[in-house]
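Every read-out reported here was derived from the displayed coordinates using simple, explicitly stated rules and does not represent laboratory data. Please read all numbers here as calculations on a predicted model, not as lab measurements. FYI the Cβ positions are ideal-geometry reconstructions off the backbone, even for glycines, and counts take in every protein chain you see.
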Amino acid sequence: MFFHITLERNMQLHPRHFGPHLRDKLVAKLMKDVEGTCSGRHGFVVAITGVEDIGKGLIREGTGFVTFPVKYQAVVFRPFKGEILEAVVTMVNKMGFFAEAGPVQIFVSNHLIPDDMEFQSGDMPNYTTSDGSVKIQKDSEVRLKIIGTRVDATEIFCIGTIKDDFLGVINDPGVTA
Amino acid sequence: MSGEEEENAAELKIGDEFLKAKCLMNCEVARILDHKYDQLQQMSTDPTNQISQVFEKSMQYVKRFSNYKNTDAVRQAREVLSRYKLAEFELCVLGNLCPDTVEEAIAIVPSIKSKGRKLEDDAIEKMLHDLSLIKKFE
């Protein structure tokens, strides 16, 4: 799920940036440092939408760098256990399939794919029901439930399932359009 | 990280910080990112430099899964959903997935039927109906 939250960060700025454009420099550095990063607590920082407050700077002894406490608002993506969301399948193999929902990777093991779906190898590996009516392959859109998350220093990985009511391939043309 | 173990979106256990935060539906994120993308392109001569992979992937994702394409519809959808005393998180899951039936709505957001909530099936049905109308007349 995407959230709009307020975050705080202490920014260190080199003295060469001090001058009339100090604020701009600080904001530019903040965007460069923070956007695209990921933490276990807040998830992926997608975009900074505004800077709320820049506190008083504190000069560091010895280096001359100044530390500013900055409060900013950002759009973040944070997956939760138990959350249901839509994702695009990126890779299918006999172990299961990988899907992507925005910046996050989700793996669905073949144990968590309904039992009536069989793996078919070939040019386009896929999972298909015995009557061939439902097929999961690369670029399919699926609705899945996140059942586990693993937090890394720079990434979040999720484990998902489609073995539940109202989960699986989305075939509503209105949604896929 | 003691909160990590207990986290469960189905029971709305997503941590205080996120429970109070404003959730965004995919369509809302699409609008914000679009705006930001335009800004970046105006600001710098080489926009590819500035755009992170996370941003790019998120943008592709929300564009693909946006249910409401125009600003008015997005606003209306939020307005309709906010009449039903939903938590922000529930509101956005419903807005993103647009369930067709009451049964489906309860399956994807089990917390709307949990203890202490007075949301009846009729109310849910009405809500889903209103949502589908927005989509139809968009």
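Read phi for every residue in the range A:142-159 and hand back ³J(HN,Hα) as whole Hz from Karplus 6.51 cos²θ - 1.76 cosθ + 1.60, θ = phi - 60°, with x for Gly and Pro.
In residue order, the calculated couplings are 10, 9, 9, 10, 7, 10, x, 10, 10, 9, 10, 4, 10, 8, 10, 10, 10, 10 Hz.
Per the helix-only calculation at 222 nm, which mean residue ellipticity applies to chain A, given -39500 (n - 2.57) for every DSSP H run of n ≥ 4 and division by its residues, nearest 500 deg cm²/dmol?
The helix contribution divided over chain A gives -2500 deg cm²/dmol.
Can you pull the Kirkwood radius for chain B, inverse mean 1/r over Cα pairs, to one decimal in Å?
Radius from the Kirkwood sum: 16.6 Å.
For chain B, what does the helix formula give at 222 nm: sum of -39500 (n - 2.57) over DSSP H segments with n ≥ 4, over the residue count, nearest 500 deg cm²/dmol?
-18500 deg cm²/dmol
With label points built 7 Å along Cα→Cβ from the Cα atoms of residue A:94 and residue B:113, find their separation and express it in nm.
If labels sit at residue A:94 and residue B:113, their model points lie 4.0 nm apart.
Per 0.36 nm of contour for each residue apart, how much would the distance between residue A:58 and residue A:6 grow if the chain were fully extended, relative to their Cα-Cα spacing?
Taking residue A:58 through residue A:6 to full extension adds about 16.5 nm, to one decimal.
Residue farthest toward the positive end of the dipole of chain A, with Cβ of Lys/Arg at +1 and Asp/Glu at -1: which of A:170, A:73, A:51?
Selected residue: A:51.
From the convex hull of the Cα coordinates of the range A:31-177, what is the mean projected area in square nanometres?
Mean projected area of the Cα convex hull: 12.3 nm².
Post the alpha-carbon centroid distance, the range A:85-153 to the range B:4-28, in whole angstrom.
24 Å
For the range A:1-62 and the range B:55-125, what is the separation of their Cα centres, given in Å?
Their Cα centres are 32 Å away from one another.
Provide the descending list of Cα extents for the range A:92-136 along its principal axes, expressed in whole angstroms.
Its Cα atoms span 34, 23, 18 Å along the three principal axes.
Rounded to two decimals, what is Rg over Rh for the range B:71-137 when you use alpha-carbon atoms and the Kirkwood radius?
Rounded to two decimals, Rg over Rh is 0.93.
Could you list which residues have their amide H under 5 Å from that of residue A:47, counting only those 5 or more apart in sequence or on another chain, with H placed in the peptide plane?
A:75
Please report, for the Cα atoms of the protein assembly as shown, the Rg to one decimal and the Dmax as a whole number; what are they, in angstrom?
Rg and Dmax of the protein assembly as shown, Cα atoms, are 21.3, 73 Å.
Based on Cβ point charges of +1 for Lys and Arg and -1 for Asp and Glu, what charge dipole magnitude is obtained for the protein assembly as shown about its Cα centre, in debye rounded to the nearest 20?
Roughly 1220 debye, rounded to the nearest 20.
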